[in-house]
There are 2 protein chains.
Amino acid sequence: MELSSESSIGIFDSGLGGLTVMKAIQQLLPGENLVYLGDTAHFPYGSKNPNLILEYSIQNISFLLQQNIKAIVLACHTVCSYAWDALQKRFDLPLIGVQLPTIEEVVRRSPKGKIVILGTKGTILSKRYTLLLKQRLPSVEILSIPFQILVHLLEEGYIEHSLISSIIAEHLSHLKDVEIDMVILGCTHFPLVEREIRNCFTNATHILDPGVLCAEAIKKELIQKNLLNFTTSTPLRRFFVSEDREQFHLLGGRFLGYPIEEVRVMGSPL
Amino acid sequence: MELSSESSIGIFDSGLGGLTVMKAIQQLLPGENLVYLGDTAHFPYGSKNPNLILEYSIQNISFLLQQNIKAIVLACHTVCSYAWDALQKRFDLPLIGVQLPTIEEVVRRSPKGKIVILGTKGTILSKRYTLLLKQRLPSVEILSIPFQILVHLLEEGYIEHSLISSIIAEHLSHLKDVEIDMVILGCTHFPLVEREIRNCFTNATHILDPGVLCAEAIKKELIQKNLLNFTTSTPLRRFFVSEDREQFHLLGGRFLGYPIEEVRVMGSPL
């Protein structure tokens, strides 16, 4: 397939979460055309079994490939944890995930103390972050903390809500007196509550947003492949879901930072 | 198929919620053998599409039928809302749901004022409660309120937790000055927080627990079919899940009122 710089970057996640990655991409690469797919019919991936996650990911990528795409972003840590290798083998255009750029950044910063990974149940159960980090930094101590309920609360719109800070503070209270060097926001929903998570750690703790690191990796990949979009026309932003367009439309803007004009259901007529 | 009074009653739901129905059944019918299936791999049904809910329900019933069963309890309002008619046509042993006994009880009480139905997103979107009630009580005013996040919080073990009462109070705050005659706890998780829901209404409001009404309907059905179990041996209580035995084991007792000894994964060897 001949890839063109004016083609879009395709992004997918199981719901709204990946929109935080899309936000980071458009901040770094404002000229790029972007297509987002929220596989809302199968939300959440974070508590699904690995076979299903792979199956849904293949469906999502196959759909995005029909949208004139030059690269695919796996904007979901659970997908990266379970399906990365299989998807890499199956598809021959550039795939960029949220996980490997994060591993690179952690290594680059050579952490002096403990690392916390916050993720969905699936991401944590997969132990993929731990495995990849331990390969590069054998002596680092990693605390993996599943926080599935936070995904549900944010997906349902409990954003900037007093209950959220209470739930986060309580969930992380056992870390209060532990010295933590870095925290990986290992679920695409979590950058929305970075401030509340920040409050649970000391000022010396680095909070890593994999969406931002993923955006940098995309830029690097597109430069390398000579696929950066230098046209000056207004970039396209297209949004698809597999079901429940209304909820996505209603809440998407809060994840993305601007209102979403149109959301279409995959497979429905234009 | 020849049904025997010593056979078990099979009960299923998508997760832990149906255990509140099981609890009501064993309180009313302590001599019955019970088999519970939590289809945890597909939790939650409340936000799934109707075709999937029917497919999973057929799988669940087919599994339960292998366990020497005399009746099946659909301990899930979303299943009753979307799949009741199709399941009734497909299977020829007694099926008892949580919805129709509730409709009968509401009609029997001939409500003078408004009725609130609290349910999952699916149960409310289906409009099935409203339709069935309107057929019998055309002039009654019904307020249908989806409360999906409460299902997730309870399934994750946020039971008797201070955050739960805040979330419930906030979610129902718009009803504070509305005169409500009855509230239907239209999700099997909600009887766990009956007290917190009670606090949002006046003393004159009746709170209906469909699990209790379902248990009464089962008793009636078994008497009518001459299938009540009068043996005095210790009744069997068996528990199956489709995945994540540990979480079910850990939290099931809080739904059921006593610790669960053994949980098995469907299809795994004895």
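Miscellaneous remarks
- Filtered residue count, region B:1-43, keeping only those that are in a helix (DSSP H, G or I) and modelled with pLDDT of 95 or more: 10
- Yes/no for A:N68 being surrounded by fewer than 24 Cβ atoms within 10 Å (Cβ to Cβ), away from every other protein chain (no Cβ under 14 Å) and not hydroxyl-bearing (S, T, Y): yes
- Of all residues in region A:203-219, none satisfies being closer than 14 Å to A:V21 by Cα and either within 14 Å of another protein chain (Cβ to nearest Cβ) or among the polar types (S, T, N, Q) (or both).
- Scanning region A:112-138 for residues that are surrounded by fewer than 18 Cβ atoms within 10 Å (Cβ to Cβ) and touching a residue at least 60 places away in the same chain (Cβ under 8 Å) returns A:K112, A:G113, A:K114.
- Hits in region A:111-126 - residues which are among the hydrophobic types (A, V, I, L, M, F, W, C) and part of a helix (DSSP H, G or I): A:I124, A:L125
- The set of residues in region B:229-252 being surrounded by fewer than 18 Cβ atoms within 10 Å (Cβ to Cβ), under 19 Å from B:E32 (Cα atoms) and not polar (S, T, N, Q) consists of B:F230, B:P235, B:L236, B:R238.
- In the set A:P94, A:P50, A:P101, only one residue is at pLDDT below 95 and in contact with a helix residue (DSSP H, G or I) (Cβ under 8 Å, 6 or more places away or on another chain); that residue is A:P50.
- Filtered residue count, region A:78-109, keeping only those that are assigned to a helix (DSSP H, G or I) and among the aliphatic types (A, V, I, L, M): 8
- When region A:200-239 is filtered for residues that are free of Cβ contacts under 8 Å to residues at least 24 places away in the same chain and within 25 Å of A:V263 (Cα to Cα), the ones remaining, listed by number, are A:S233, A:T234.
- Scan region A:137-183 for residues that are more than 14 Å from chain B (Cβ to nearest Cβ), in a loop (DSSP other than H, G, I, E, B) and among the β-branched types (V, I, T) and the total you get is 2.
- Of everything in region A:46-55 that is in a helix (DSSP H, G or I) and within 13 Å of chain B (Cβ to nearest Cβ), the residue that is surrounded by the most Cβ atoms within 10 Å (Cβ to Cβ) is A:G46.
- Reported count of residues in region B:25-45, each being surrounded by fewer than 24 Cβ atoms within 10 Å (Cβ to Cβ) and among the small types (G, A, S), is 2.
- Residue that is farthest from the other protein chains (Cβ to nearest Cβ) [pool: residues in region B:21-45 that are under 16 Å from B:I96 (Cβ atoms) and touching a Gly at 6+ places or on another chain (Cβ under 6 Å)]: B:A24
- Test: residue in region B:57-65 that is aromatic (F, W, Y), touching a residue at least 60 places away in the same chain (Cβ under 8 Å) and in a helix (DSSP H, G or I): yes
- Of all residues in region B:154-167, those satisfying the criterion of being of a type in the set (A, V, I, L, M, F, W, C), surrounded by fewer than 22 Cβ atoms within 10 Å (Cβ to Cβ) and touching a residue at least 12 places away in the same chain (Cβ under 8 Å) are B:I159, B:I164.
- So B:G113, is it outside the structural domain of B:Q247 (by TED's automatic domain parsing), touching a helix residue (DSSP H, G or I) at 6+ places or on another chain (Cβ under 6 Å) and modelled with pLDDT under 95: no
- Taking the conditions (1) of a type in the set (S, T, Y); (2) away from every other protein chain (no Cβ under 14 Å); (3) touching a helix residue (DSSP H, G or I) at 6+ places or on another chain (Cβ under 8 Å) in turn, B:S62 satisfies each one other than (3).
- Here the condition is being in contact with an Asp or Glu (Cβ under 7 Å, 6 or more places away or on another chain) and either of a type outside the set (K, R) or part of a helix (DSSP H, G or I) (or both); of A:P235, A:P259, it holds for A:P235 alone.
- Top-ranked residue of region B:218-259 - restricted to ones that are at pLDDT 95 or above and of a type in the set (V, I, T), ranked as farthest from B:P191 (Cα to Cα): B:I223
- Evaluated against (1) of a type outside the set (V, I, T); (2) in contact (Cβ under 8 Å) with a residue 12 or more places away in the chain; (3) under 24 Å from B:F190 (Cβ atoms), B:E6 falls short on exactly one condition, (3).
The values are calculated or read from the model by the stated rules, or taken from the named source; none is laboratory data. Remember, it's a predicted structure, so these values are computed and weren't measured experimentally. Methodologically, a virtual Cβ is constructed for each residue, glycine included, from the backbone with ideal geometry; neighbour enumeration extends over all protein chains shown.
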